[in-house]
Amino acid sequence: MTLQERLADIVGATHVLTAAADMKPYLTDWRRQYSGPAECVVRPASTAEVSKVVALCAREAVAVVPQGGNTGLVGGSVPTGARRELLLSLGRMNRIRNLDLLNDTATVEAGCILAAIQSAAAEAGRLFPLSLAAEGSCQIGGNLSTNAGGVNVLRYGTARELVLGLEVVLPDGRVWDGLRGLRKDNTGYDLKQLFLGAEGTLGVITAAVLRLYPKPTASATAWIALASPAQAVELLATLRGRIGERISAFELVSRNCLEAVLAHVPDTRDPLGAAHPWSVLAEFGDSGGNEDLFERLAGALDGHEAVLAQSVEQARALWRLRESIPEAQFSNVKHDISVPVSRIPEFLEMADSGLRQSFPDVQIFCFGHVGDGNLHYNIGPASLIPQRDAVNRVVYDAVARLGGSISAEHGLGQLKREAIRGQKSALEMELMRALKSALDPKGLMNPGKVL
């Protein structure tokens, strides 16, 4: 029997895709920067099927490339074409297995769409706070494998901090059942942390126990005009001092990012009418009613030009501006960096200056998450894409000098696999390789990514 026939015995013939037209959507990344061939696309429906597929691939020395919604930005979920590879699509594994409202947890399968988990939590009177622009199509397995961040990290943390337990198929096909909904478990190594953010290079996440939170009964969304990033950092500190942990999102938007959205996205408008060099989109949540929260905000924002959404529709319109930024400036050299929050202004001054010296016609599109120091720092025009390495050197040098990271939430994938060697110490790389070798000695899990 051929490999495809044996796979068909496991998942069913209709879920082993071999025709070029059928496989094509799976083999190219969202940004259309990376593409590679695969022997086939396999779509299992259960952890047992994933286990059997991975075990078969281990015996046949076929590499496995796990894929969720394929919304990543670094080429981490598509084949490289460097060896025999099989693409494992987890989209059929989309059940919410359990909602434990007294424990505030949801047990979900890896193929669940993020928005579906959010909706299920909301219907139960709870909040699952992971939120990002691709939430209508990205899958939770991919979110966890890349340790996704999103807009609510300020209050709730990254994906890593929203997970209590995992179920993982290991590179030899064995299943580790770590689906425990415990807040405290002090019995040795926290194994789940190995797989969160590992981009499928150590195993396949098939299910997770996620933290849920009380659903805020009051919410407010504000668009605030600012003169500079330094003023944004100062305002965040002021708001935290006055209203505490009620801030869930604090998003920085440069003027040219907003103008790109206004030019390319229909039915959008400048919330404040007049042009301002920088803006912040902030989200707040609390118990009680909106009136008390609005009153608190009015005092905290006194002296700042701002608009406060007066309805759910107005809040959605403000968030649409922020969420449309990536597509409004699609073709450029993209960066997903982080530095200490206090050093955001210093990074921008250093990187902006360096880029303008090297590339006089540079266009800088900056937006991102002020509260956790993560900026999406994208460099145009598109004609600079062939000079990506030179652009990266300027940006990465500024990041390194400030003790930052070249990948805050998108992962390494193929895009940053080589660049990370200049950012981490030799010892860090040695330890990462040792973990990879221990768990995946044959190098069959998502090869050519991260390491």
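Bear in mind these aren't lab numbers, they're just calculated from the coordinates by the rules spelled out. Note that the structure is a prediction, hence the values are computed from the model and not measured. Positions of Cβ are generated from backbone atoms using ideal geometry, with glycine treated the same way; all protein chains shown enter the neighbour counts.
Some points to look at:
- The equivalent ellipsoid that matches the C-alpha gyration tensor of segment 1-158 spans semi-axes of 30, 19, 12 angstrom, in descending order.
- Hydrodynamic radius (Kirkwood) for segment 410-451, which is based on Cα pairs only, to one decimal in Å: 10.8
- Pairwise Lys count, the chain - Cα closer than 14 Å, eight or more residues apart or different chains: 5
- Derived from the Cα gyration tensor, the three semi-axes of the equivalent ellipsoid of the chain are 37, 27, 20 Å, largest first.
- Compactness of segment 96-214 as Cα Rg over 2.2 N^0.38 Å, two decimals: 0.98
- Compared with the dominant principal axis of the Cα atoms in the chain, helix 229-243 is inclined by about 90°.
- For segment 331-416, the equivalent ellipsoid built from the Cα gyration tensor has semi-axes of 19, 15, 11 Å, listed from largest to smallest.
- At q = 0.22, 0.26 Å⁻¹ the log10 of I(q)/I(0) for segment 1-40 amounts to -0.72, -0.86, computed by Debye summation with a single uniform scatterer per C-alpha, solvent ignored.
- With Cα atoms as the point set, the radius of gyration and Dmax of segment 262-373 evaluate to 16.8, 53 Å.
- Reciprocal of mean inverse Cα separation for segment 379-430 (Kirkwood radius, Å): 12.1
- Relative packing of 132-140, 89-97, which averages over residues the other C-beta atoms within 10 Å, highest first: 132-140, 89-97
- Percentage, to the nearest whole number, of Cα pairs in segment 218-327 over 19 Å apart: 41
- Taking Cα atoms only, the orientation of helix 426-439 departs from the longest principal axis of the chain by about 40 degrees.
- Average 1/r across all pairs of distinct alpha carbons in segment 1-76, invert it, and you get the Kirkwood radius: 13.2 Å.
- The chain - charge dipole about Cα centre, Lys and Arg +1 at Cβ, Asp and Glu -1, debye rounded to 20: 1060
- Burial ranking of peptide ranges 218-229, 426-437 (average Cβ count within 10 Å, highest at the top): 218-229, 426-437
- 0 to 90° range, to nearest 10: angle between helix 388-401 axis and the chain longest Cα axis: 70
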